[in-house]
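Data block below; observations after.
The values are calculated or read from the model by the stated rules, or taken from the named source; none is laboratory data. Owing to the predicted nature of the structure, the values given are computational and were not obtained by experimental measurement. Don't worry about glycine lacking a Cβ; one is built from the backbone with ideal geometry, like all the others, and counts go over all protein chains shown.
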Amino acid sequence: MGRSIVITGGAGFIGLAAAEALLATGHRVTALDLSPPPAVFRDHPALAGLSFMKADLRDKDSFEAAVAQAGADTMLHLAAITPNAALIHDHAAEILTVNIAGTAAAMAAAKSSGIRRFFMTSSIAVYGTKGPWTTPTLRESGPLCPDSLYGLTRRAAEDAARLLAPVFGLSLTILRLGPVFGPWEHLGAARPNLSPHAQILALHRAGMTATLPHQMRADWLYARDAARAIAGLIDRTDHGDAEGDTVNIGAGRLSTPGEWAAASGLPAPQVADSAALNVTAAMALGRPPMDVTTLLTRLPDLDPISRPLTEAAQDFAAWRTQIAALSTPEVSP
């Protein structure tokens, strides 16, 4: 019998990817967010059965009412702002409120609704971008050296969750996500920048050559593979503990957006100085991939975590074709 899962930030990129995977495994899923998913996404058959409720975790009473109405036994907390420089300049205090205090608000709402299983995403950003890197992979138990506002808020949210989980009687699992690309990605107020992969695709459609500051080599993970890992961990019965279980979710290998472009049949992006850049991303040069030993120990059937780039390219192209068909109005004969 499936679980009932409420997802905060459920209309966002990772929220919709996770909802697709959870619905496919028989769970009942309710997405909470400030705005509904894009209309064309809502019509996709993979999201059939997804419930949506408008909710703002900064409004305690209405947010807790929405969580209670969802009737869930598990919460997947994804609501966060992934800022760029402009958003930091204009809304730094709001970023801190949503990313840190919002985690406490989500946990309190879970407790008030009788939810005991609490999953939350964090980010590879907690490991920082500058090193020095002393191990070939970034282990969950390794040093955390965030050097961006986003990374700092993610680490603070992790620390707060670990302190609050026993207070609220929650079992806690922290899911540290690496960089992700693929289906369901879209811009929003909380996510002002697309992945380099999506930017390369948009530039190609506009007849422009993509220009990157460097190769952006990282442990890029296809969205449906990330969601499969999230759903697999939620499906496990031996979930979390009151002190906070932490699991890296990464690709287990390095790749570049350029390699994905080649697998997709797109022109190779150029690498040039800042004057010519039209693809941006806060990627760390030389940062090792996240260690995925813990993930594969929990979910051995997930190996390999990340599908080959050619397969990801084909699947992403098929998804885009489906979305294009849904967005094209039928013409009466």
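Take the residues in segment 83-113 that are buried (at least 21 other Cβ atoms within 10 Å of the Cβ) and of a type in the set (S, T, N, Q), then tell me which one is farthest from LYS60 (Cα to Cα).
ASN99
Can you confirm whether segment 37-53 contains a residue that is out of contact with any Phe, Trp or Tyr (no Cβ under 8 Å at 6 or more places or on another chain), more than 12 Å from ILE7 (Cα to Cα) and of a type in the set (Ser, Thr, Tyr)?
Checking segment 37-53: not a single residue is out of contact with any Phe, Trp or Tyr (no Cβ under 8 Å at 6 or more places or on another chain), more than 12 Å from ILE7 (Cα to Cα) and of a type in the set (Ser, Thr, Tyr).
What single numbered condition from (1) over 21 Å from PHE13 (Cβ atoms); (2) surrounded by 18 or more Cβ atoms within 10 Å (Cβ to Cβ) fails to hold for ALA262?
(2)
Against the condition assigned to a helix (DSSP H, G or I) and in contact with a Lys or Arg (Cβ under 6 Å, 6 or more places away or on another chain), how does VAL167 come out, does it pass?
no
Any chance you could count how many residues in segment 208-222 are surrounded by 18 or more Cβ atoms within 10 Å (Cβ to Cβ) and over 23 Å from the mean Cα position of the chain (by Cα)?
Final tally of qualifying residues: 2.
Are any of the residues in segment 309-324 surrounded by fewer than 16 Cβ atoms within 10 Å (Cβ to Cβ) and outside any helix (DSSP H, G or I)?
There is no residue in segment 309-324 that is surrounded by fewer than 16 Cβ atoms within 10 Å (Cβ to Cβ) and outside any helix (DSSP H, G or I).
Go through segment 212-239 and count every residue that is among the β-branched types (Val, Ile, Thr) and either out of contact with any helix residue (DSSP H, G or I) (no Cβ under 8 Å at 6 or more places or on another chain) or on the phi > 0 side of the Ramachandran plot (or both).
1
Take the residues of segment 172-199 that are at pLDDT 95 or above and either in contact with a His (Cβ under 7 Å, 6 or more places away or on another chain) or surrounded by fewer than 19 Cβ atoms within 10 Å (Cβ to Cβ) (or both): which is nearest to PRO83 (Cα to Cα)?
Within segment 172-199, the match that is nearest to PRO83 (Cα to Cα) is HIS186.
Among the residues of segment 50-73, what is the count of those that are in contact with a strand residue (DSSP E or B) (Cβ under 6 Å, 6 or more places away or on another chain) and among the aromatic types (Phe, Trp, Tyr)?
1
Testing PHE119 on (1) assigned to a loop (DSSP other than H, G, I, E, B); (2) at pLDDT 95 or above, one condition comes back false. Which one is that?
If we test PHE119 against (1) assigned to a loop (DSSP other than H, G, I, E, B); (2) at pLDDT 95 or above, just (1) comes out false.
For segment 275-308, give me each residue that is assigned to a helix (DSSP H, G or I) and closer than 22 Å to PRO257 by Cα.
Of everything in segment 275-308, those that are assigned to a helix (DSSP H, G or I) and closer than 22 Å to PRO257 by Cα turn out to be ALA275, ALA276.
Got a sec? Which of LEU16, LEU34, LEU47 is modelled with pLDDT of 95 or more and more than 20 Å from ALA198 (Cβ to Cβ)?
LEU34
Can you go through ASP147, ASP159 and tell me which one is surrounded by fewer than 23 Cβ atoms within 10 Å (Cβ to Cβ), without any contact (Cβ under 8 Å) to a residue 60 or more places away in the chain and part of a loop (DSSP other than H, G, I, E, B)?
Of ASP147, ASP159, the one residue that is surrounded by fewer than 23 Cβ atoms within 10 Å (Cβ to Cβ), without any contact (Cβ under 8 Å) to a residue 60 or more places away in the chain and part of a loop (DSSP other than H, G, I, E, B) is ASP147.
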